[in-house]
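The values are calculated or read from the model by the stated rules, or taken from the named source; none is laboratory data. Please read all numbers here as calculations on a predicted model, not as lab measurements. Methodologically, a virtual Cβ is constructed for each residue, glycine included, from the backbone with ideal geometry; neighbour enumeration extends over all protein chains shown. All accessible areas refer to the heavy atoms of the entire protein, side chains included, with ligands and DNA or RNA removed. Shrake-Rupley method; radii C 1.70, N 1.55, O 1.52, S 1.80 Å.
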There are 2 protein chains.
Amino acid sequence: MAKVRGSDAGPPLDGRTAWSCVAALFMGPQNHSRFNEAAQELGLTAGALKALLTIHHHGEQPMRDLATALHCDASMITQIVDALEARGLAERVPSPTDRRVKLVRLTRAGHRAFDRAMAHLSVAPEAVLRLSAQEQATLARLLLKALSLADPPIDPPNLRPAR
Amino acid sequence: MAKVRGSDAGPPLDGRTAWSCVAALFMGPQNHSRFNEAAQELGLTAGALKALLTIHHHGEQPMRDLATALHCDASMITQIVDALEARGLAERVPSPTDRRVKLVRLTRAGHRAFDRAMAHLSVAPEAVLRLSAQEQATLARLLLKALSLADPPIDPPNLRPAR
DNA sequence: TATTGTTATACTCTATAACTATA
DNA sequence: TATAGTTATAGAGTATAACAATA
């Protein structure tokens, strides 16, 4: 397979092009509402689902840190964590070192909710499933490798029911 | 490279796993707000940007069809198209066959806005850029192929300034 | 009468400001 | 005094309902 180059021969074969394709697939007509759908399925707002993903990713952490990660005001976090707590997906724990601080962490149900959300977000577009089995395997291998190269590394997908 | 299989040997190497990785990367801390950012950069709401992408994808179409594609009420479309029109990104054209119907289409500025939005959405995560040049090339090739297999086929990314 | 699109209005989600408790 | 989190309130975005024009 020869490398295609030059101004009129197509886009450069690099990571940027690769991710452009991902964006095109993700924003395609069949996918562009996945996130909101996943949130609705869990009875959450988009903001609350974002928070849930972030808590899962960073683990137990102060409310304040969550506000920083989500680029929003602390009061927003109060409301969002209220919603998560009301649904039994997260809980507040007093910090052992600073009595002003409350830590947030996911409950067992919260982890299950995370898995459900990712399952919904992971439904592959038709176009990807039309690649040959071998091509899909190569794609999966490369992307799993990318996950492992992230800093910090991202866990490989958990496609089975729940933890 | 041997194929890894079995219940404890890792996720299956298929399209679903591949797309799960994409979702994990897309929803990662550095990426999960890209869509809103892209909208804000253009001075649009998320809904308006969705509409812009849809109009680009489907081309000139009745307001009603847009409402169907976006799963929302027609009145929402009125408001969104008002916003796009106010920014010179789209325009209403009377249907030649049915005087009740108005067609919506992107202006030249609208197409430029689309390109800007996609450029913003296409910024690859660090993790992808850490793959070797050859791995990135393979990834790009496979994803470009997937785009071409979509129904209807999706245009390869336009990474240069504007049309 | 049925359908397209608009206008008017209410609701949800998010952002801003003032407040309490602790450091 | 400075910081963490909460409460109260206002604003933006979206959805619902009633309406005018055309089929």
Seminar exercise, completed: Of the listed residues (A:Ala46, A:Ala23), the one being without any contact (Cβ under 8 Å) to a residue 24 or more places away in the chain and surrounded by 20 or more Cβ atoms within 10 Å (Cβ to Cβ) is A:Ala23
For this session: Sort through B:His111, B:His120 and tell me the only one that's within 26 Å of B:Asn36 (Cβ to Cβ) and modelled with pLDDT under 95.
Result: B:His120
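Scan segment A:123-140 residue by residue and report those that are outside any helix (DSSP H, G or I) and at pLDDT 95 or above.
To start, the set of residues in segment A:123-140 that are outside any helix (DSSP H, G or I) comprises A:123-125, A:130-132.
Once the filter is applied, which keeps residues that are outside any helix (DSSP H, G or I) and at pLDDT 95 or above, segment A:123-140 yields A:Arg130, A:Leu131, A:Ser132.
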Exercise. Of the conditions (1) in contact with a Leu (Cβ under 8 Å, 6 or more places away or on another chain); (2) outside any loop (DSSP other than H, G, I, E, B), B:Pro153 fails just one. Which one is it?
Worked result: (2)
Seminar exercise, completed: Checked against (1) under 17 Å from A:Val22 (Cα atoms); (2) of a type in the set (S, T, N, Q); (3) surrounded by fewer than 18 Cβ atoms within 10 Å (Cβ to Cβ), B:Ser75 satisfies every condition except (1)
Exercise. Out of all the residues in segment B:90-134, which are facing another protein chain (nearest Cβ under 10 Å) and within 16 Å of DNA strand D (Cβ to nearest atom)?
Worked result: B:Ala117
For this session: Of all residues in segment A:123-154, count the ones that are open to solvent by 60 Å² or more (accessible area, probe 1.4 Å) and either touching a strand residue (DSSP E or B) at 6+ places or on another chain (Cβ under 7 Å) or not acidic (Asp, Glu) (or both).
Result: 10
Exercise. In segment B:26-43, what residues are within 16 Å of DNA strand D (Cβ to nearest atom) and without any contact (Cβ under 8 Å) to a residue 60 or more places away in the chain?
Worked result: B:Ser33, B:Asn36, B:Gln40, B:Gly43
For this session: Working carefully through the options A:Leu49, A:Leu84, A:Leu53, find the one that is in a helix (DSSP H, G or I), among the hydrophobic types (A, V, I, L, M, F, W, C) and in contact with a strand residue (DSSP E or B) (Cβ under 9 Å, 6 or more places away or on another chain).
Result: A:Leu84
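Would you point out the residue of segment B:89-114, among those that are over 20 Å from the mean Cα position of the chain (by Cα) and open to solvent by less than 70 Å² (accessible area, probe 1.4 Å), that is nearest to DNA strand C (Cβ to nearest atom)? Full working, then the answer.
Just the residues of segment B:89-114 that are over 20 Å from the mean Cα position of the chain (by Cα), to begin with: B:91-103.
Keeping just the survivors that are open to solvent by less than 70 Å² (accessible area, probe 1.4 Å) gives B:91-93, B:95, B:98, B:101, B:103.
Working: B:Glu91: 11, B:Arg92: 6, B:Val93: 10, B:Ser95: 7, B:Asp98: 7, B:Val101: 4, B:Leu103: 7 Å.
The qualifying residue nearest to DNA strand C (Cβ to nearest atom) is B:Val101.
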Exercise. Within the bounds of segment B:141-161, is there any residue that is within 17 Å of the chain's Cα centre (by Cα), of a type in the set (Val, Ile, Thr) and at pLDDT 90 or above?
Worked result: yes
Problem set entry | Filter pass, A:Pro152 being farther than 30 Å from A:Gln30 by Cα, within 11 Å of chain B (Cβ to nearest Cβ) and without any contact (Cβ under 8 Å) to a residue 24 or more places away in the chain | yes
Problem set entry | Checklist (1) farther than 13 Å from B:Phe114 by Cα; (2) within 12 Å of DNA strand D (Cβ to nearest atom); (3) outside any helix (DSSP H, G or I); (4) under 17 Å from the mean Cα position of the chain (by Cα) applied to B:Cys72, failing item | (4)
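Inside segment B:9-34, can you point out the residues that are assigned to a loop (DSSP other than H, G, I, E, B) and under 17 Å from B:Leu143 (Cβ atoms)? So that I can check it myself, show each step before the final result.
Applying the first criterion (assigned to a loop (DSSP other than H, G, I, E, B)) to segment B:9-34 yields B:9-14, B:27-33.
Within segment B:9-34, B:Leu13, B:Asp14, B:Asn31 meet the criteria.
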For this session: Kindly list, by first and then second residue, each pair from a residue in segment A:61-76 that is within 20 Å of B:Asn31 (Cα to Cα) to a residue that is charged (D, E, K, R) and part of a loop (DSSP other than H, G, I, E, B), limited to pairs with Cβ atoms under 8 Å and residues at least 6 apart or on different chains.
Result: A:Ala67/A:Asp73
